[in-house]
Amino acid sequence: MLQSFILIDELKQTRSATSSPSTNEMSYSNRTQASMPDEVLKDLGFRVYTASTSKEISFIIPKVDAVLLSVSPDQVETWRKRILAERSLPLFWWCDSHTFPSNECRMDAGIDGLIGSTMSPLEIHCALLLGVNHYFHRTEWQQEREQLLSKLEERKWVDQAKRILCEIKGISEAEAYDFLRKQAMNERKRMVDVATSIVKVYQLLRDQNQGGRKR
C-alpha cells in the first residue's frame, strides 16, 4: 500500500515558468498540463518529500514507499541508479509535455510505471497499482536470476575441483564429488568453499612450479 513518495523534479522551474497565470481562463487540457507532480500526489492523499541531492535522498528514502521521477528521458537511468544505490523501491516516471516533449523520445530504463498530468485520479490509482505489481514481479525475477548465476558460479568451482582431484588422486568424478562432500561435512563448510580452496591452492602451486622452471 503506497502512502508516500520521494519526488525528484528537475523541471519544476521550467514547468512553473511556462504555466499561464490566468488559471481561471485555462481549458481543462491546459490546466492539467500545468499541474505539478507534487500537487497531484498530495491531492490524492499521498505524502510527498522532494529531494534534489544525494544527501537529501539518503535522509528521505527510508521514510517513503515509492519514487516519482519528473526528469527528461535521458536522465531516468541516472536517477534510477542513484535511487537503487540507496534502496530498492517502486519507480514511477512523471509524463507531461516537459518530461516527454515529443513522440520521438525513447526511454529504455527500469521503471515500473508512469503517471501523467492528464490522468484522472482513478487512472493514477490504477497505474500505481499496476506499477507496484510490476515492481514485485521484477524484483522477484532479479532475485531468481541472481540465485541462478550464483549456483552456476558454485557449479563451476566444484567442477574444477573435481577435475583437479581426478588428476591428482587418479579417482573418478563420482569419487571426487564424494571426497568434496565428506570434506565439507568434516570442516563444516559449504562444498563450494572447499572446492574453491582446492582450486586456488592448486593454481598457486602450479604457478610456483612454472616460475621455478623458468629460472
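The values are calculated or read from the model by the stated rules, or taken from the named source; none is laboratory data. Treat the numbers as computed from the prediction; the structure is a model and nothing was measured. Reconstructed Cβ throughout: ideal geometry from the backbone, glycine too, with neighbour counts over all protein chains shown. Each accessible area value is taken on the protein alone, full model and side chains, heavy atoms only, with ligands, DNA and RNA left out. Shrake-Rupley method; radii C 1.70, N 1.55, O 1.52, S 1.80 Å.
Overview of results
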{"item": "Charge dipole (debye, nearest 20) of the stretch 106-178; +1 at Cβ of Lys and Arg, -1 at Cβ of Asp and Glu", "result": "140"}
{"item": "Under 24 Å from residue 200, Cα to Cα: lysines that are on another chain or at least 8 residues apart", "result": "151, 156, 162, 169, 182, 189, 214"}
{"item": "Accessible heavy-atom area order of 82, 190, highest first, probe of 1.4 Å", "result": "190, 82"}
{"item": "Of 166, 131, 141, farthest towards positive along the dipole that unit charges on Lys, Arg, Asp, Glu beta carbons give the stretch 119-214", "result": "166"}
{"item": "Solvent exposure, largest accessible area first (probe 1.4 Å, DNA, RNA and ligands not counted), of 80, 87", "result": "87, 80"}
{"item": "Sequence-distant lysines (8 or more away, or on other chains) whose Cα lies within less than 29 Å of residue 63", "result": "12, 42, 55, 81"}
{"item": "Sorted peptide list for 67-75, 168-176, criterion being average Cβ within 10 angstrom, highest first", "result": "67-75, 168-176"}
